[in-house]
Amino acid sequence: MCGISGIIDFNKKSSVDILQKMNRTMLHRGPDGEGYSFENLKDTQVGLGHRRLSIIDLSEAGTQPMHYNNYSILLNGEVYNYIEIKEILIQAGHTFVSTSDTEIVLHAYIEWGTACLEKFVGMFAIIILDKNKNEIFGCRDRAGVKPFFYYWHNDLFLFTSELKAFHQHPNFEKKINNAAVATYLQYGYINAPHCIFEHCHKLKPGHFFKIDLSTKAFSIQQYWNVYDCYNKPKLDISFEEAKKETEKILTKAFQYRMVADVPVGVFLSGGYDSTSVAALIQKNSTEKLKTFTIGVEDEKLNEAPFAKEIANKLGTDHTEYYCTEKDILKLVNDLPFYYDEPFADSSAMPTMLVSKMAREKVTVALSADAGDEIFAGYNRYDYIEKYLDKIKNIPTPLRKILSKGLTIFPPEKIPFIGKDPLITHRLKKINDLLSSTDIKTVMQNITAGIDEADIKKLILNDFVECKTAHISTELLPAFFENITYMMAVDYQTYLPDDIMQKVDRASMSASLEGREPFLDQHVIEWAARLPTNYKYNKGVKKYILKEIVHQYIGKEIMERPKMGFAIPITKWLQHDLKEIVEYYLSPQKIQAYKILNETEVTKYKNQFYAGKTELVTKIWYILMFQMWCEKWL
C-alpha cells in the first residue's frame with residue numbers, strides 16, 4: 001500500500017521539484033519512505049513518484065519506482081498470488097533480486113504484456129514505463145479498490161492516488177465540472193470516470209490504458225466486467241454443494257489477504273460479513289487473529305458487546321474502543337483534506353476512528369465490504385423485491401392518481417406522520433415506485449439523495465448529465481432479474497465510488513492498509529452464477545453466507561436486529577455543527593464560488609431549522625461540498 005503520482009509532460013516544462021511537491025501531499029499514504037525518477041526522453045518528460053508503506057519486503061529492495069532494463073514501475077496495492085506467479089516466471093527464465101510483489105508484477109508484464117492482468121489476484125493501481133515501445137501502461141484492479149486519478153490537458157498528463165497532488169503542478173487548471181457537481185448532489189459521490197474538475201478523470205475499475213509517447217495517442221480498454229459474471233446461466237447445484245464450495249472459495253480469498261511481512265488484523269462489527277471473515281481465517285490459524293471493534297455509549301446503537309461475544313467464541317485477540325460523539329465531531333474539519341473530491345458518506349468518520357485504533361497494533365486490516373453487493377444484503381433489494389411487483393399489479397390509472405395525491409399532499413404535510421422523517425422518507429420512496437415501475441428508474445430514484453428537479457435548481461450553470469453505470473443495459477434479457485440488476489449496478493457504482501473511496505481514504509488517513517477479501521474476483525465470478533434464491537431466500541438476505549456463518553456462530557447470537565454505526569447527522573446539524581452550517585451555507589460563502597444557487601440553499605437551510613428534518617441529506621451534502629470548496633478552491 002502506498003501513494004503514487006507522476007508527470008508525463010510533452011511540453012517539457014515540469015521538474016523533479018514539482019513531482020516531489022505532488023508526492024509529498026500524500027505523506028499519510030506512505031510514511032516509510034519516498035522514491036522518484038525523472039527523465040527527459042526524446043518526446044516528453046516522465047516523472048514517477050512513490051510514497052511507501054512497507055508491507056511486503058521491508059528491505060530497500062522493495063523501493064519504488066522499481067527499474068529493470070528499459071522498464072520502470074509504480075504499484076499501489078498488493079498482488080496476493082505473487083508467489084505462484086513468481087514460480088511460473090522462474091521457469092520461464094526470469095530472475096529476481098527482491099521478495100517484493102512489485103518486481104513480480106513488472107516481470108509478468110514483460111513476459112505476458114497486458115494479458116498479465118488475467119493472472120493477478122489483488123488490489124492495484126499500476127504504472128509502467130516501457131522505453132522499448134516508448135509507451136506508458138496504466139491499470140486499475142477489477143473492483144476499483146485502489147484509486148487512480150488522471151489529468152490530460154494541453155499536452156500534460158498527470159496521475160495520482162489522491163486528487164490533492166494535482167494542485168501542486170503549476171499547469172493544473174482547476175475548472176469545476178458542473179455535471180460532476182450534479183452527480184455528487186444526486187448520490188453523495190462522483191461516479192467514475194467523472195471527476196470534480198474538467199480534464200480530470202478516474203480510471204474505471206477493470207480498465208487499462210496506454211499512451212504512445214511518440215504520437216500522444218491515448219487509448220483505454222476494459223479487461224474485466226462484472227456483467228460477464230452475471231451474463232451466464234445459473235449453476236445447477238444443490239444448496240449444500242453450493243454452501244461447501246462457497247465456503248471454500250471465501251476461505252481461499254480471505255487467506256490470500258493475510259499475506260504480509262507486518263501484523264494483520266480484521267475489523268469486526270458483529271455483522272455477518274465481518275464475522276465470516278474472522279471465522280474462516282481463525283479456523284485455519286493456530287495464532288490468535290487480531291480483531292477490532294468500535295463501540296458507542298448509546299445501548300440502542302452499540303454492537304460492540306455482540307462483536308466481543310463473537311470474538312470470544314472464535315478465540316480472537318480482540319480490541320474494542322468506545323468513542324464519543326465528540327471524538328467523531330473532531331474529524332469533520334479533516335474530511336475535505338482526506339476526501340479531496342466532494343464526498344458525503346458520513347460513515348467515513350467512524351471508519352477513520354477504527355482505522356486509527358487498529359493502526360496502533362497492526363499495519364494491515366481486513367474489512368468486510370461487498371458482502372451486500374455480492375450476496376444481496378441491502379434493505380433496498382428487499383424493499384423492491386417485496387413491493388415492486390405488487391405496485392405493478394395496481395392498474396396504471398390508479399397508480400397515477402395515488403402518485404398525484406402524494407405530490408399534491410406531500411408526506412410531510414400529512415397529520416400525525418408528517419413530523420416523522422423515517423415515515424415521510426418511506427412514503428416518498430413508495431411514490432417513486434408509483435411514478436415508475438421500471439427497475440432502472442426505481443433503482444436510480446431509491447439511491448438518490450437529492451432528486452434531479454432539485455439539483456437543476458441548486459446548480460447555477462447549465463450542465464449535460466453525466467453518463468454513469470447507474471442506468472446500465474449490459475445485463476442481457478435472458479439473465480435479467482430485478483435483484484441481479486441491482487447487485488450488478490451497485491458493484492459498478494456505489495461499491496467502488498463510495499465504499500472503496502471511503503475505506504481507502506479513511507484507512508490511509510492512519511497509514512493503515514485496508515484489504516477487501518470479498519472483492520477477490522473468484523468470489524463474484526462464483527456467486528453471480530448461484531441460483532438467486534440461494535442469496536435472497538423468501539425475504540432472508542445473504543442467505544447462503546448466513547448459513548455458512550451459523551456453522552461457527554449460532555443463530556441465537558447472530559440473528560438480531562441490525563443496528564449499524566448510526567451517525568446522528570440531524571442532531572449534529574441542528575446543534576453541534578449549527579455554527580459550521582451557518583458559516584459555510586451563508587449567502588456570502590455560497591456566492592463566493594459561483595456554483596450553487598444561494599436562494600435555494602438558504603431556503604433549504606431555513607426550512608431545515610424550522611423543523612423539516614427530512615431535508616437533512618440536502619443540508620449535509622451541501623455542507624460537505626462547501627467545505628470542500630473552501631479547502632481546494
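Read the figures in this text as sums done on the coordinates, not as results from a lab. All figures in this text were calculated on a predicted structure; none of them were measured in a lab. Here the Cβ is made from the backbone with ideal geometry for all residues, glycine too, and neighbour counts use every protein chain on show.
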What percent do you get for the relative contact order of the chain when only Cα pairs under 8 Å and 6+ apart count? 16 percent
Positive end of the charge dipole of the chain (Lys, Arg +1 and Asp, Glu -1 on Cβ, about the Cα centre): tell me which of 47, 625, 237 has its Cα farthest that way. 625
Compute the Cα gyration tensor for the stretch 5-88, then decide on rounded, prolate or oblate, letting a ≥ b ≥ c be the square roots of its eigenvalues: rounded whenever a/c is under 1.5, prolate when a/b is larger than b/c in the other cases, and oblate in all that remain. oblate
When 622, 459 are ranked with the fewest other C-beta atoms within 10 Å first, the list becomes 459, 622
Sequence-distant residues sharing a close amide H with residue 41 (under 5 Å, placed H): 46
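Could you give the length gained by full extension between residue 579 and residue 132, i.e. 0.36 nm per residue of separation minus their alpha carbon distance, to one decimal place?
Numbers: separation 447, 0.36 × 447 = 160.92 nm, distance 5.87 nm.
Difference between extended and current length: 155.1 nm.
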Can you compute the label reach from residue 220? Point 7 Å from Cα along the Cβ direction, backbone N cut-off under 19 Å, restricted to the stretch 177-194. 177-184, 189-194
On a full-extension model of 0.36 nm per residue, what is the gain between residue 153 and residue 360, subtracting their alpha-carbon distance, rounded to one decimal in nm? 70.3 nm
What list of ³J(HN,Hα) values in whole Hz, one per residue of the stretch 579-592 in order, does the Karplus curve 6.51 cos²θ - 1.76 cosθ + 1.60 (θ = phi - 60°) give from phi, with Gly and Pro shown as x? 5, 5, 4, 4, 6, 6, 9, 6, x, 5, 5, 5, 5, 4
Under 8 Å for C-alpha pairs, at least 6 residues apart: give me the relative contact order for the stretch 568-633, rounded to a whole percent. 36 percent
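Take 526, 152 and order them by how many other Cβ atoms sit within 10 Å, fewest up front. Kindly include the intermediate steps, with their values, before the conclusion.
Details: 526 20, 152 17.
Least to most surrounded, the residues fall as 152, 526.
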If I take R0 = 25 Å and measure r between the Cβ atoms of residue 255 and residue 312 in this structure, what FRET efficiency does the formula 1/(1 + (r/R0)^6) give, to the nearest 0.05? 0.65
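Largest first and in whole Å, give the semi-axes of the chain's equivalent ellipsoid, each being the square root of 5 times a Cα gyration tensor eigenvalue.
Values: eigenvalues 287, 196, 121 Å².
Here the semi-axes work out to 38, 31, 25 Å.
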Counting only Cβ distances under 4.7 Å between cysteines, those in the chain with no partner are 2, 116, 139, 229, 323, 466, 629
With the crude spin-label approximation of a point 7 Å out along Cα→Cβ, what separation in nm comes out for residue 440 versus residue 550? 3.8 nm
In nanometres, what is the gap between the two model label sites at residue 40 and residue 390, each 7 Å from Cα along Cα-to-Cβ? 7.3 nm
Please tell me which of these pairs span more than 27 angstrom C-alpha to C-alpha: 164/308; 252/308; 243/361; 202/612? 164/308; 243/361; 202/612
The exposure ranking of 116, 2, fewest beta-carbon neighbours within 10 Å first, is 116, 2
How big is the C-alpha Rg of the stretch 568-633 next to the rule-of-thumb value 2.2 N^0.38 Å, as a ratio? 1.02
Between residue 480 and residue 67, what is the label-to-label distance in nm when each label sits 7 Å out along the Cα-to-Cβ direction? 5.5 nm
Below 8 Å, C-alpha to C-alpha, sequence gap of six or more: please give me the relative contact order for the stretch 36-125 in percent. 29 percent
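Between residue 559 and residue 603, what is 0.36 nm times their sequence separation minus the Cα-Cα distance? Round to one decimal in nm.
On the way: separation 44, 0.36 × 44 = 15.84 nm, distance 4.36 nm.
Stretched fully, the residue 559-residue 603 segment lengthens by 11.5 nm.
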Would you mind putting 491-498, 276-283 in packing order, based on average other-beta-carbon counts within 10 Å, highest first? 491-498, 276-283
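To the nearest µm²/s, what D does Stokes-Einstein give for the stretch 2-224 at 25 °C and 0.890 mPa s, using the Kirkwood radius over alpha carbon pairs as Rh?
139 µm²/s
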Taking θ as phi - 60°, what are the ³J(HN,Hα) couplings along the stretch 249-264 by the Karplus curve (6.51, -1.76, 1.60), each to the nearest whole Hz, with x for Gly and Pro? 5, 5, 4, 5, 5, 5, 5, 3, 6, 8, 6, 5, 9, 9, x, 10
Using only helices, what value at 222 nm comes out for the chain when you add -39,500 (n - 2.57) per DSSP H run of length 4 or more and divide by the total residues, to the nearest 500 deg cm²/dmol? -12000 deg cm²/dmol
